[in-house]
1. Name every residue in region 10-25 that is assigned to a loop (DSSP other than H, G, I, E, B), surrounded by 18 or more Cβ atoms within 10 Å (Cβ to Cβ) and hydroxyl-bearing (S, T, Y), in order of residue number.
2. For region 213-272, which residues satisfy the criterion of being polar (S, T, N, Q) and out of contact with any Asp or Glu (no Cβ under 7 Å at 6 or more places or on another chain)?
3. Specify which of the listed residues (L116, L125) is without any contact (Cβ under 8 Å) to a residue 24 or more places away in the chain and touching a Gly at 6+ places or on another chain (Cβ under 8 Å).
4. Of all residues in region 177-203, which are part of a loop (DSSP other than H, G, I, E, B) and farther than 21 Å from Q399 by Cβ?
5. Sort out which residues of region 56-91 are assigned to a loop (DSSP other than H, G, I, E, B) and under 14 Å from G38 (Cβ atoms), and write them in order of number.
6. Scan (1) surrounded by fewer than 16 Cβ atoms within 10 Å (Cβ to Cβ); (2) within 27 Å of G285 (Cβ to Cβ) for the single condition G106 breaks and write down its number.
7. Please state which of the following conditions L324 fails to meet, knowing it meets all the rest: (1) in a helix (DSSP H, G or I); (2) more than 24 Å from V256 (Cβ to Cβ).
8. Report the residue count in region 171-205 for those that are more than 30 Å from D358 (Cα to Cα) and small (G, A, S).
Amino acid sequence: MKLADVDVIVTAPPSPGWGGRYWIFVKVTTACGIVGWGECYASSVGPTAMRAVIEDVFARHVAGEHPANIELMFRRAYSSGFTQRPDLTVMGAFSGLEIACWDILGKALDRPVWALLGGKTNDRLRAYTYLYPKNDQDHDRFWVTPEMSAEAALAWVEEGFTAVKFDPAGPYTIRPGHQPAMRDISRSVAFCKAIREAVGDRADLLFGTHGQFSTGGAIRMAHAIAPYQPLWFEEPIPPDNVAAMARVAAASSVPVATGERLTTKAEFAPILREGAATILQPALGRVGGINEARKIAALAEVYNAQMAPHLYAGPIEWAANVALGTAIPNLLMVETIETGCAFHRALIGDTIRFDAGDLIPPDAPGLGIEVNEALARAHPYTGDQLHLQMQEAPCDYAQENVFAGGAPVRPAENI
């Protein structure tokens, strides 16, 4: 059984586009006709360039290899071009191909991927969702109105979710970490207060910031929200300064979570060693794939840290997260986008099931999903923006900073 061919499909989710402007799927086929699916969560270059990278990585390091030789293929890609260091774009490309290899192996052996990773450690996976506006809510005011988020949080808790995530603290910018505006601190406190009052002790609050703050600014924010007992303070500073993140963690009673922008164990190991975070959030379509994430989980286990795989992508990475989460002993929870959203579910034949807010691992071979290839191809991305766009303007200390949920897709972007 040899890996023979790769096809790259760039799919744009319909508006509002939760999960990003586009998703990069890879369809890998063996010489004997077995098809495996993967997803690349790599967004530092556009999809046209990324397609070329994926095809190059496949041709150089994957084509003609047996899909079981994942470690060998990883070492080729990791070391390519005399590097032997984390490369976000190359690892993003390899991650999708690697996930597809696991899907192929599971199908060939008639076993779920989680069974190949050590078996079913978890029968049910605790899940959480970001808070997005409901259809009857004002989609612009939602992001700065605590009462609306509290209403959305309560609705998800009533469906069984035991954790919800929100980010009221300001915009993503291309600049280094900043001191939060006082009104951003006040709004963050108001969100924590309103959501905590709405859900009581039925759910954990997950406070996201996505690398916005300076070290001192992050500590100020952490102290302000601490009375509401968030389960985590996500990526309080930019991800490139482990020592500074460790200072935030040491100064805060709120556990620090990080990892969606990191790749390979080489970038996660210092986080654990320096005590910068106790909750790791690898994105499996970026981190090096399922096997690399399994290694990171083992490292985290040694440091008494937990795993919470990240998802702001499409349903194939979601399925990979479920496979990993089913197998590892130190899973905290997995991220979902609501309960999948209609388009996520349609793309994989509605094969990921929820029960009272928990994800139930599929028992079907491979990733356990049925990819609707025709639907994926029917929604091509034709824009010129990146998966996520960060604003160039700095934090505004005079006017209100408005964060709008990452990268909501407007209808005009999806033509």
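1. The answer is Y22, and nothing else.
2. The initial filter retains those residues of region 213-272 that are polar (S, T, N, Q), namely 214-215, 229, 241, 252-253, 258, 263-264.
Correct list: S214, T215, Q229, N241, S252, S253, T263.
3. Values: L125 fails: without any contact (Cβ under 8 Å) to a residue 24 or more places away in the chain.
Matching residue, one of L116, L125: L116.
4. First, the residues of region 177-203 that are part of a loop (DSSP other than H, G, I, E, B): 177, 179-181, 200-203.
Residues satisfying the conditions are G200, D201, R202, A203.
5. Start the filter on region 56-91 by keeping residues that are assigned to a loop (DSSP other than H, G, I, E, B), which leaves 63-69, 80-87.
Matches in region 56-91: P67 only.
6. (1)
7. Of the numbered conditions (1) in a helix (DSSP H, G or I); (2) more than 24 Å from V256 (Cβ to Cβ), the odd one out for L324 is (2).
8. Final tally of qualifying residues: 3.
The values are calculated or read from the model by the stated rules, or taken from the named source; none is laboratory data. This is a predicted model, so every value here is computed, not measured. So basically every Cβ, Gly included, is an ideal-geometry build from the backbone, and we count neighbours across all protein chains shown.
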